[in-house]
Amino acid sequence: GAVVSQHPSWVICKSGTSVKIECRSLDFQATTMFWYRQFPKQSLMLMATSNEGSKATYEQGVEKDKFLINHASLTLSTLTVTSAHPEDSSFYICSARDPGSGSPLHFGNGTRLTVT
Amino acid sequence: QKEVEQDPGPLSVPEGAIVSLNCTYSNSAFQYFMWYRQYSRKGPELLMYTYSSGNKEDGRFTAQVDKSSKYISLFIRDSQPSDSATYLCAMSETGGGNKLTFGTGTQLKVEL
């Protein structure tokens, strides 16, 4: 079964509004979660690393003020796309690793964001 | 040059065929190699996870890593229509799969 749950699975919003996406680890605690973005027919690109109890680490070229990440608990990380624009329309996917299993990353089912 | 190169396809094969999917990479520090399957509008699902060079088999799937050539492969035997998906290779320098670098994915269609 799924080990990482992401919500919502899709969202449509108007330009200028903000959207929050949730990522939860199921049955394990994740001190670190990862947020990826995927454009059609392109690879997953790491946006940021979400660290529980501290600031997120953003990849080069990703605006931290636009993509707000909060990792307030060991099972929940949120990504807020602020003042969304049509070019932010994409597939956002979170991932986490169960440190107790030794396995690599498991991904959520993604959130398709469409900004009109 | 991208760090990881993967033929985007699409690749179309008949049911029962053996499928070969490949990635090449340039970063010699990569030590952990993964294959993910992604259905449309879904997140990637981990299929295979290997460390360093060698082969790993799991059911109909076999992963091969050749670090000397910076080349990895995924073989699917007795392919089924349900295998139709996009297959992504991914790599990392450190264990646990943190900070993965992905290929662009190969779209596979297995036809009846």
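Details
- Note on the protein assembly as shown: Lys pairs 8 or more places apart or on different chains, Cα atoms under 17 Å apart, count 14.
- The ranking of B:99, A:41 from fewest to most other beta carbons within 10 Å of each one's beta carbon is A:41, B:99.
- Among the residues of A:94-100, the average count of other protein chain beta-carbon atoms within 10 Å of the residue beta-carbon is 2.
- 11 Å beta-carbon shell around residue A:85, net charge (K/R +1, D/E -1): 0
- For the protein assembly as shown, the Cβ-based charge dipole about the Cα centre amounts to some 360 debye (Lys, Arg positive; Asp, Glu negative; other atoms uncharged).
- Kirkwood estimate for the range B:7-70, i.e. one over the average of 1/r between Cα atoms, Å: 13.5 Å
- Between the listed residues A:57, B:103, B:18, the Cα displaced farthest toward the positive end of the dipole of the protein assembly as shown, a dipole computed from Cβ unit charges relative to the Cα centre, is found at A:57.
- Cα-centred dipole magnitude for the range A:7-73, charges only on beta-carbon of K, R (+1) and D, E (-1), debye, nearest 20: 260 debye
- Counting, for every residue in B:34-41, the Cβ atoms of other protein chains within 10 Å of its Cβ and taking the mean gives 3.
- Beta bridges assigned by DSSP with both partners in the protein assembly as shown are antiparallel in approximately 90 percent of cases.
- GNM flexibility winner over chain B from B:54, B:16, B:43 (Cα, springs under 10 Å): B:43
- Normalised by the number of residues in chain B, the mean separation of alpha-carbon contacts (under 8 Å, six or more apart) gives a relative contact order of 37 percent.
- Candidates B:41, B:60, B:77, ranked by Gaussian network fluctuation over chain B, Cα under 10 Å, top entry: B:41
- Placing a pseudo-label 7 Å from each Cα along the Cα-to-Cβ vector at residue B:41 and residue A:10 gives an inter-label distance of 0.4 nm.
- Of the residues A:32, A:110, A:84, the one whose Cα sits farthest towards the positive end of the charge dipole of chain A is A:84 (charges of +1 on Lys and Arg Cβ, -1 on Asp and Glu Cβ, taken about the Cα centre).
- Computed on chain A, with alpha-carbon pairs under 8 angstrom and 6+ residues apart, the relative contact order is 37 percent.
- Restricting the range A:56-115 to GluC sites (Glu not before Pro) in coil, as DSSP defines it, with at most 10 other Cβ within 10 Å: A:63
- Neighbour counts of C-beta atoms inside 10 Å place A:39, B:102, B:75 in the sequence A:39, B:75, B:102, starting with the fewest.
The numbers here are math on the coordinates, done by the rules we state, and not lab data. Fair warning: this is a prediction, and the values are worked out from it, not measured in the lab. Glycine gets a Cβ as well: all are built from the backbone with ideal geometry, and neighbour counts include every protein chain shown.
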